[in-house]
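Colleague: Just dropping this structure here.
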Amino acid sequence: MKLQFFYQFSFFAKKNYHVKQNLQDKLEFILHKSVIIMKKVNKSLIFIAFTLIIFPGCNNNPDQTTIEGTISNLEKSRIVISEMEPQQTIEIDSVKSDKYGHFKFTLLPDEKSFYNLTFPDRSMLTIISGRGDKIKISANANDIEGTYTVTGSEGSKQLREYFKHTIKNERKVDSLNYIFEKNKNSPDFHIIRGLLEQSFTKIFIDQQEFTREFVKQNPGSLASLVALNYRFVNNRVLDIEADIELFELVDMSLARKYQDNKHFQHHHKTLMEMHEFIAQRELAERHTSIGRTIPSFEMKDINGNSIRIEEFRGKPLLIYFWAAWDAKSRQTNRRLNALLDSFYPLEVPVLAISFDNNPEIWKAAIKIDSLEWNHASDLLGMNSPVITFLNIPDKLPYFYLLNAEGEIIFKGKDLDIVSEKISLLRTLN
């Protein structure tokens, strides 16, 4: 810059030599000012350089993750990104697409995790992203879930393949629901309903088979955690107990790479809890097998007094597990009352153990259904330890039939079999 000033003003001096002295004075003044300006410029440049070193641009951060895409026909629309935690989903940011449907999120994730992108029509895309991923998405706004493609994340691509098949099955179910609603008032509705239920069963079985195969092919991918826990039309596709070998396969495979990942740790914890549950149930099953004396336990009756199971020795005893909130139990109450009346004069005491947690509802149901039996409850609902202790299934009602010595001669859900067993007791007496 000094040379530029020097050449510019030397040329001016030669043309105007008759005012040479004045120009020299002006030149010295200008050069002095130039030096001052240059010092300020140099300081500014040094500050800028220092800033760039200490605070590098985001684009140079190798851990930075970008999730961007173009959704055709989706101009200037709000898109929300949320992180799926093991127990909750947290909204973390939102952007507005431009007039071309382009959007971009910038993240600095601590670890690989699941993210949902939610669009104005409530369409949702689930992706898997970790540090440094550069994910690109494209889709048509008219069918985002059905048309989207994704690059930059192998786990997200695997999820896309899983959802591609799943969406087809879900849309088949939508068609069944349409037919169901359209034919509600048809005289042949019971036939149509049966056919629809058969069709749904086939679709659900297909989804189960596809899910199992997907997990077997991708046991070391976080995408398998989505498949293992997916709900198809509000039904779990896989049952952790029935499909425990698949859950164990994924657990073992993910442990090699994602030992500290929160999603793996949650999966591992759930699996260990299931193993513990199965072990407790097997122990309870051994203690409550047919021919064994029922284990001792104590509960409170409807008045708050303690009842011990040993108090009923000397006569056969029917233990009836039910709940006031359970519709099937309420139906069974009427059937059981009628059944016991039919055995008169044989008296079979009933101990009705309720898995309710509201004492008022429990007592009201006893009165409404005219249940003149022995009643007990710990008012812990389905969290009652009796469920584990006596290996009671989730679906109520359930029965235990004991002989006069307290030995288990039947346990199960079928009231007709209960009737047969009581008839046998009457014959023996």
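The values are calculated or read from the model by the stated rules, or taken from the named source; none is laboratory data. As the structure is a prediction and not an experimental result, all values here were calculated from the model. As a convention, Cβ positions derive from the backbone with ideal geometry for all residues, glycine included, and neighbour counts pool all protein chains shown.
Colleague: Spot the failing condition for Lys257; the list is (1) crowded, with 18+ Cβ neighbours inside 10 Å; (2) not in a helix (DSSP H, G or I), and only one is missed.
Modeller: (1)
Colleague: Out of all the residues in the range 96-105, is one or more surrounded by fewer than 17 Cβ atoms within 10 Å (Cβ to Cβ), of a type outside the set (A, V, I, L, M), in a loop (DSSP other than H, G, I, E, B) and in contact with a Leu (Cβ under 8 Å, 6 or more places away or on another chain)?
Modeller: Within the range 96-105, not a single residue is surrounded by fewer than 17 Cβ atoms within 10 Å (Cβ to Cβ), of a type outside the set (A, V, I, L, M), in a loop (DSSP other than H, G, I, E, B) and in contact with a Leu (Cβ under 8 Å, 6 or more places away or on another chain).
Colleague: In this structure, is Arg313 of a type in the set (D, E, K, R), within 15 Å of Tyr400 (Cα to Cα) and surrounded by 13 or more Cβ atoms within 10 Å (Cβ to Cβ)?
Modeller: Yes, satisfied.
Colleague: Condition first: among the hydrophobic types (A, V, I, L, M, F, W, C) and either outside any loop (DSSP other than H, G, I, E, B) or touching a Pro at 6+ places or on another chain (Cβ under 9 Å) (or both). Now tell me which residues in the range 119-129 satisfy that.
Modeller: Going residue by residue through the range 119-129, those that are among the hydrophobic types (A, V, I, L, M, F, W, C) are 119, 124-125, 127-128.
Those that are among the hydrophobic types (A, V, I, L, M, F, W, C) and either outside any loop (DSSP other than H, G, I, E, B) or touching a Pro at 6+ places or on another chain (Cβ under 9 Å) (or both): Met124, Leu125, Ile127, Ile128.
Colleague: Residue check, Thr65 against (1) surrounded by fewer than 16 Cβ atoms within 10 Å (Cβ to Cβ); (2) in contact with an Asp or Glu (Cβ under 6 Å, 6 or more places away or on another chain); (3) touching a residue at least 12 places away in the same chain (Cβ under 8 Å), all met but one. Which one?
Modeller: It fails just one condition, (1).
Colleague: Can you name the helices (runs of 4 or more DSSP H) wholly within the range 130-234 that have at least 2 residues being among the small types (Gly, Ala, Ser), surrounded by 14 or more Cβ atoms within 10 Å (Cβ to Cβ) and modelled with pLDDT of 95 or more?
Modeller: Numbers: elements: 144-147, 154-182, 189-217, 223-228.
Output list reads 154-182, 223-228.
Listed here are the residues, each with its yes/no results for (1) farther than 20 Å from Ile422 by Cα; (2) touching a His at 6+ places or on another chain (Cβ under 6 Å); (3) modelled with pLDDT under 95.
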{"residue": "Phe321", "(1), (2), (3)": "no, no, no"}
{"residue": "Trp325", "(1), (2), (3)": "yes, no, no"}
{"residue": "Pro345", "(1), (2), (3)": "no, no, yes"}
{"residue": "Val348", "(1), (2), (3)": "no, no, yes"}
{"residue": "Asp356", "(1), (2), (3)": "yes, no, no"}
{"residue": "Glu360", "(1), (2), (3)": "yes, no, no"}
{"residue": "Lys363", "(1), (2), (3)": "yes, no, no"}
{"residue": "Ile387", "(1), (2), (3)": "yes, no, yes"}
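Colleague: Could you check the range 383-401 and list, in sequence order, the residues that are exposed (fewer than 14 other Cβ atoms within 10 Å of the Cβ) and either of a type outside the set (S, T, N, Q) or assigned to a strand (DSSP E or B) (or both)?
Modeller: Result: Pro385, Pro393, Asp394, Lys395.
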